[in-house]
Protein chains: 2
Amino acid sequence: MFYGSHAISMDSKGRIAIPSRVRELLEECNGNIVLTAHTENRCLHMYPENQWQEILPKIEALPSFNKISRRAKLLLIGHASPLELDANGRVLVPPTLREYAKLDKKLMLVGQGKGLELWSEEMFAEYIDSSVDNEDMPEGMQNLAL
Amino acid sequence: MFYGSHAISMDSKGRIAIPSRVRELLEECNGNIVLTAHTENRCLHMYPENQWQEILPKIEALPSFNKISRRAKLLLIGHASPLELDANGRVLVPPTLREYAKLDKKLMLVGQGKGLELWSEEMFAEYIDSSVDNEDMPEGMQNLAL
DNA sequence: GGATAAAAGTGGATTTAAGTGGTTAACATC
DNA sequence: GATGTTAACCACTTAAATCCACTTTTATCC
């Protein structure tokens, strides 16, 4: 279970150091993680490899001739990249994913249950500040008391 | 299983270098690949030859008096081109297919399970950014939690 | 509270392979 | 027979991955 957020930075080669607290949680997958595009925002999903293997079949099962699910498959499967932690606990973010999420030096790594989300600091702040209309709130959320 | 994306480029002769990571996955077919038109977008399908041989009969079996499937057959079978990797791991994209997918210098090669999709960078970005209405979202996707 | 030690994070350099472009040769067509 | 186009071969340049060293921060002990 991933939660909490970390401000981290990417070096000139596109490497990011995984915070040690997150690294401990990732031990279950021996440092094998999967990074892929997020369909709803310009950010990335990060999953332990074993968690990704559980999600993947659900994505593959989506129909290929429906526009919405075709786009989702193109993003999620089409950008999935298995990564390994190097000797210093860093991973190299592939150029296409760097580009997709508009990652520069300053990033945010945000825990989200099954996995994490990797945002550019700028995009993250922008998203948080953006207002959304409450019209199409799903049913389970209408009566949720926090 | 193909996944992940690569930004690649086409030279003045219409040759594209297959990324080494993809090339490894293609080894099962000894570098014999098939390139053909995609029915849903102006891009191309790329399959290992043996994978294509499994798909081809299914396409041939589609009815000839249905407009949608007739169009699909015309595109998929009518544009299928067997290609071979050269000594440097490159393939020459036939002019017709280059034209169909509006390929210029900058391309995207995107893994999609059984095969890959080859896009012009411009077309791909346009497709990813295109907004879709969520009205006809497939059932399996409505409650999918990633 | 300060100092020391250990661990985590950062940056750089070197080596190897992958990608790119050019040139030559052969075949086909005019 | 000559010219043009296509395919194969070869060499060079650029990028990626691995390895190594240093700096900074945090925690513990005195």
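Being within 16 Å of DNA strand D (Cβ to nearest atom), over 14 Å from B:Glu139 (Cα atoms) and surrounded by fewer than 16 Cβ atoms within 10 Å (Cβ to Cβ) is the requirement here; does A:Ala87 meet it?
On the way: within 16 Å of DNA strand D (Cβ to nearest atom): yes; over 14 Å from B:Glu139 (Cα atoms): yes; surrounded by fewer than 16 Cβ atoms within 10 Å (Cβ to Cβ): yes.
Yes, satisfied.
Just to check your reading of the model, which residue among A:Ile59, A:Ile68 is at the interface with chain B (Cβ under 7 Å from one of its Cβ atoms) and in a helix (DSSP H, G or I)?
When all the criteria are applied, what remains is A:Ile68.
Does A:Thr96 qualify as being touching a residue at least 40 places away in the same chain (Cβ under 8 Å) and hydroxyl-bearing (Ser, Thr, Tyr)? Show your work before the answer.
On the way: touching a residue at least 40 places away in the same chain (Cβ under 8 Å): no; hydroxyl-bearing (Ser, Thr, Tyr): yes.
No, not satisfied.
Kindly establish whether A:Asn50 is loosely packed, with under 14 Cβ neighbours inside 10 Å and in a loop (DSSP other than H, G, I, E, B). Working first, answer last.
On the way: loosely packed, with under 14 Cβ neighbours inside 10 Å: yes; in a loop (DSSP other than H, G, I, E, B): no.
When the stated conditions are applied, A:Asn50 does not pass them.
Say whether the condition of being out of contact with any Cys (no Cβ under 8 Å at 6 or more places or on another chain), within 14 Å of chain A (Cβ to nearest Cβ) and either under 19 Å from A:Lys67 (Cα atoms) or within 16 Å of DNA strand D (Cβ to nearest atom) (or both) is met by at least one residue in region B:95-106. Show your work before the answer.
Of all residues in region B:95-106, those out of contact with any Cys (no Cβ under 8 Å at 6 or more places or on another chain) come to B:95-100, B:102-106.
From what's left, within 14 Å of chain A (Cβ to nearest Cβ): B:106.
Still in the list and also either under 19 Å from A:Lys67 (Cα atoms) or within 16 Å of DNA strand D (Cβ to nearest atom) (or both): B:106.
Scanning region B:95-106 turns up at least one residue that is out of contact with any Cys (no Cβ under 8 Å at 6 or more places or on another chain), within 14 Å of chain A (Cβ to nearest Cβ) and either under 19 Å from A:Lys67 (Cα atoms) or within 16 Å of DNA strand D (Cβ to nearest atom) (or both).
How many residues does region B:12-29 hold that are outside any helix (DSSP H, G or I) and either within 14 Å of another protein chain (Cβ to nearest Cβ) or touching a residue at least 12 places away in the same chain (Cβ under 8 Å) (or both)? Steps first, answer last, please.
Within region B:12-29, the first condition is being outside any helix (DSSP H, G or I), and the residues that meet it are B:12-19.
When the remaining residues are screened for being either within 14 Å of another protein chain (Cβ to nearest Cβ) or touching a residue at least 12 places away in the same chain (Cβ under 8 Å) (or both), the result is B:13-19.
Matching residues across region B:12-29 total 7.
For A:Phe2, indicate whether it is in contact with a strand residue (DSSP E or B) (Cβ under 6 Å, 6 or more places away or on another chain) and not aliphatic (A, V, I, L, M).
Details: in contact with a strand residue (DSSP E or B) (Cβ under 6 Å, 6 or more places away or on another chain): yes; not aliphatic (A, V, I, L, M): yes.
For A:Phe2, the condition - in contact with a strand residue (DSSP E or B) (Cβ under 6 Å, 6 or more places away or on another chain) and not aliphatic (A, V, I, L, M) - is met.
Within region A:119-142, which residues are in contact (Cβ under 8 Å) with a residue 60 or more places away in the chain and within 14 Å of chain B (Cβ to nearest Cβ)?
First pass over region A:119-142, keeping only residues in contact (Cβ under 8 Å) with a residue 60 or more places away in the chain: A:119-121, A:123-124, A:127.
Listed by number, the list is empty, since nothing qualifies.
Bear in mind that the values in this text are calculations on the coordinates, not laboratory data. Computed from a predicted model, the values in this text were never measured in an experiment. A quick note on method: Cβ atoms are made from the backbone with ideal geometry, for glycine too, and the neighbour counts reach across all protein chains shown.
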